[in-house]
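See structure below.
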Amino acid sequence: MVFRRRRQRGSDASDIEAPSGEVEPEPIEQPEKTPRPDGPFDSAETDLASADSGLVDLGGLLVRPAEGMRLQLQVDERSGTGTGVMVVDADAAVAMIAVAAPRSSGLWEQTRSQIAAEAVGRGGSAEEAPGPFGAEIRVVVPVTSQEGKKAVQASRVVGIDGPRWMLRATFLGTAITDAKTFARLVGVVRQTVIVRGDRPMAPGDVIALRAPQRTHHEPPPPTGTLAE
């Protein structure tokens, strides 16, 4: 990513006059700082005109899948609006959804509690643990496989608060058990750009996605289930 640069002065620079006969030095340009220096990024934090063609434009999200990965757009059947994207890497996947958040505070702390309560309500378990993006929720819930067998599904759910948005990413399949696969998908999340836009949105409203120019039929995503 290419960061925009801005001029920054020390807090006292505007209050002190340069001595007579001396020229005030030109302030040094410094790169803008972001609370997420390794990503994901807000569209205002990057120079999209300089971004390489590896970014897939989904409207509200710009995603850069690694070689061999596939994208699946998740669509609300009633509205036809794209709500999330799943990046599939063999038997692993990460599902990402971006929502609007208040200007003054993030949503992830509140969302973690909701995820844990939902998991317990389904007869599963939820544990908070540190992860690459800070506090994450590790969830195990009972599911029924396509063959009708009882199974459990494990996932790692992370949330990243940005300027008026939150990106939620859920890791599935072998991303739960294989460190290298997990790291590859973490890299995809870090390189994602969120395009929030300026229109008013209530906290929790989904930032809509749209299909890229080229769409392909994809097989079902991995479930990450383990037979009991």
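Quick one: count up the residues across the stretch 45-82 that are out of contact with any Leu (no Cβ under 6 Å at 6 or more places or on another chain), at pLDDT 90 or above and small (Gly, Ala, Ser).
Total satisfying the criteria: 2.
Report whether or not ALA129 is within 20 Å of GLU67 (Cα to Cα), without any contact (Cβ under 8 Å) to a residue 24 or more places away in the chain and either touching a helix residue (DSSP H, G or I) at 6+ places or on another chain (Cβ under 8 Å) or hydrophobic (A, V, I, L, M, F, W, C) (or both).
no
If a residue counts only when it is touching a helix residue (DSSP H, G or I) at 6+ places or on another chain (Cβ under 9 Å), which strands (runs of 3 or more DSSP E) contained entirely in the stretch 69-114 have at least 1 such residues?
82-89, 92-100
What are the residue pairs meeting all of these: first residue in the stretch 172-199, first residue buried (at least 21 other Cβ atoms within 10 Å of the Cβ), second residue at pLDDT 95 or above and part of a helix (DSSP H, G or I), Cβ atoms under 6 Å, and 6 or more apart or on different chains?
Going by the 6 Å Cβ cut-off, the qualifying pairs are ALA175/THR181; ALA175/PHE182; ALA175/LEU185.
Could you please find all residues in the stretch 134-192 being part of a strand (DSSP E or B), farther than 14 Å from VAL94 by Cβ and not aliphatic (A, V, I, L, M)?
Selection gives GLY134, ARG138, PRO142, THR144, LYS150, GLN153, ASP161, GLY162, TRP165.
The values are calculated or read from the model by the stated rules, or taken from the named source; none is laboratory data. Owing to the predicted nature of the structure, the values given are computational and were not obtained by experimental measurement. Note that each Cβ is placed from the backbone with ideal geometry, even for glycine, and that neighbours are counted across all protein chains shown.
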